[in-house]
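Asker: This is the structure, below, for whatever I ask next.
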Amino acid sequence: MILETQRLILRELVPEDYPALCRILQDEQTMYAYEGAFSDEEAHAWLEEQFNRYRQLHFGLWAVVLKETGEMIGQCGLTMQNWKDGRVLEIGYLFQRAFWHHGYATEAAVACKNYAFEVLGAGEVYSIIRDTNLPSQNVARRNGMEIVDSTVKHYRGVDMPHDLFCVKRAQ
C-alpha cells in the first residue's frame with residue numbers, strides 16, 4: 001500500500017490488475033480525452049509503463065482500490081510529464097465510468113498531492129487536462145489547482161488544446 005484515504009487504498013499496479021485496467025482504458029466514453037479506447041497492445045504498454053515508472057522513479061499511476069469491496073476502480077498517481085520545453089510532476093487519474101461522480105477521483109488526487117509535498121518534497125504539482133475534459137478540470141480545481149498555462153498537443157492525429165493546472169505547497 002502506498003496511500004490510504006477514508007474510502008480508498010492506492011497501491012502499485014500488478015499484472016493481475018490488467019482486466020480491471022482494461023475496463024478503464026478500453027471504454028470509449030472513459031477514454032474520450034484520449035480520442036478513444038485503447039487496443040490490447042496499448043493497454044499492455046500502459047501497464048508496462050507504470051512498472052517502469054515504479055522501478056525508475058519509485059512512483060507512477062497507482063491502482064485505486066475501494067476499501068469496502070477490494071475492487072480496483074481506477075488509477076491515480078504521480079508521473080513526470082513533458083510540458084513545452086520541460087518536465088512537470090503531474091497528478092493523473094482515470095476511473096471506471098461506474099465510479100464517476102462519487103468523489104473518488106478528488107479523494108485520490110488530494111492524497112497524491114499530499115504525498116508529492118510531504119514524501120517527495122515537491123514544491124508544486126500539476127495536472128495536464130484536455131480543454132474539453134470538464135470533469136477532470138473540476139477534480140483539479142477541488143484539489144486546489146488553477147490554470148497557469150496552455151498548449152496544443154498532437155495525439156492520434158488530432159490537435160488537442162490542453163490546460164496546465166498547478167498547486168504550490170504552502171510555505
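The values are calculated or read from the model by the stated rules, or taken from the named source; none is laboratory data. Not measured: the values here are computed from a predicted model. Don't worry about glycine lacking a Cβ; one is built from the backbone with ideal geometry, like all the others, and counts go over all protein chains shown.
Asker: Out of VAL65, VAL139, report the one residue that is in contact with a strand residue (DSSP E or B) (Cβ under 8 Å, 6 or more places away or on another chain) and assigned to a strand (DSSP E or B).
Answerer: Details: VAL139 fails: assigned to a strand (DSSP E or B).
Being in contact with a strand residue (DSSP E or B) (Cβ under 8 Å, 6 or more places away or on another chain) and assigned to a strand (DSSP E or B) holds for just one of VAL65, VAL139, which is VAL65.
Asker: Go through segment 139-170 and give me each residue that's of a type in the set (S, T, N, Q) and either without any contact (Cβ under 8 Å) to a residue 24 or more places away in the chain or over 28 Å from HIS102 (Cβ atoms) (or both).
Answerer: Keep residues of segment 139-170 that are of a type in the set (S, T, N, Q), which gives 143, 150-151.
SER150, THR151 - these are the residues of segment 139-170 that are of a type in the set (S, T, N, Q) and either without any contact (Cβ under 8 Å) to a residue 24 or more places away in the chain or over 28 Å from HIS102 (Cβ atoms) (or both).
Asker: For segment 113-126, how many residues meet the condition of being outside any loop (DSSP other than H, G, I, E, B) and either surrounded by 13 or more Cβ atoms within 10 Å (Cβ to Cβ) or under 15 Å from the mean Cα position of the chain (by Cα) (or both)?
Answerer: Taking segment 113-126 and keeping what is outside any loop (DSSP other than H, G, I, E, B), we get 113-118, 124-126.
Checking the rest, the ones that are also either surrounded by 13 or more Cβ atoms within 10 Å (Cβ to Cβ) or under 15 Å from the mean Cα position of the chain (by Cα) (or both) come to 113-117, 124-126.
Residues meeting the conditions: 8.
Asker: Please enumerate the residues belonging to segment 1-35 that are at pLDDT 90 or above, surrounded by 14 or more Cβ atoms within 10 Å (Cβ to Cβ) and in contact with a Lys or Arg (Cβ under 9 Å, 6 or more places away or on another chain).
Answerer: ILE2, LEU3, THR5, ARG7, LEU8, ILE9, ARG23, ILE24, ASP27, THR30
Asker: Let me ask something additional. Across segment 97-120, which residue is farthest from ALA170 (Cα to Cα) among those that are of a type in the set (A, V, I, L, M, F, W, C) and in contact with a strand residue (DSSP E or B) (Cβ under 6 Å, 6 or more places away or on another chain)?
Answerer: Only one residue tops the list, namely PHE99.
Asker: Give me a count of the residues in segment 23-60 that are part of a loop (DSSP other than H, G, I, E, B), free of Cβ contacts under 8 Å to residues at least 60 places away in the same chain and over 18 Å from SER136 (Cβ atoms).
Answerer: Total meeting the criteria: 4.
Asker: Do we have any residue at all in segment 85-94 that's surrounded by 13 or more Cβ atoms within 10 Å (Cβ to Cβ) and farther than 22 Å from GLN50 by Cα?
Answerer: Initial filter on segment 85-94 (surrounded by 13 or more Cβ atoms within 10 Å (Cβ to Cβ)): 88-94.
This time we only want the ones that are farther than 22 Å from GLN50 by Cα, so: none.
So far as segment 85-94 goes, no, none of its residues is surrounded by 13 or more Cβ atoms within 10 Å (Cβ to Cβ) and farther than 22 Å from GLN50 by Cα.
Asker: Within segment 140-165, work out how many residues are over 21 Å from GLY36 (Cα atoms) and surrounded by 18 or more Cβ atoms within 10 Å (Cβ to Cβ). Give the derivation first.
Answerer: If we filter segment 140-165 for residues that are over 21 Å from GLY36 (Cα atoms), which is where we start, we get 140-150, 164-165.
With surrounded by 18 or more Cβ atoms within 10 Å (Cβ to Cβ) added as a condition, the list becomes 140, 143, 145, 164-165.
Looking only at that region, the number is 5.
Asker: Still on this model: When ILE129 is evaluated against the numbered criteria (1) crowded, with 19+ Cβ neighbours inside 10 Å; (2) in contact with a Leu (Cβ under 7 Å, 6 or more places away or on another chain); (3) of a type in the set (A, V, I, L, M, F, W, C); (4) in a strand (DSSP E or B), which criterion, by number, is the only one it fails?
Answerer: (2)
Asker: Between residues in segment 8-22 that are within 14 Å of ALA45 (Cα to Cα) and residues that are exposed (fewer than 15 other Cβ atoms within 10 Å of the Cβ) and among the charged types (D, E, K, R), which pairs lie under 8 Å by C-beta distance while being six or more apart or on different chains?
Answerer: Within 8 Å, the pairs are CYS22/ASP40.
Asker: Also: For segment 17-25, indicate whether the set of residues that are of a type in the set (Lys, Arg) and under 29 Å from ARG169 (Cα atoms) is non-empty.
Answerer: no
Asker: Looking only at residues in segment 30-45 that are touching a helix residue (DSSP H, G or I) at 6+ places or on another chain (Cβ under 6 Å) and of a type outside the set (Gly, Ala, Ser), which one is nearest to GLN96 (Cα to Cα)?
Answerer: THR30
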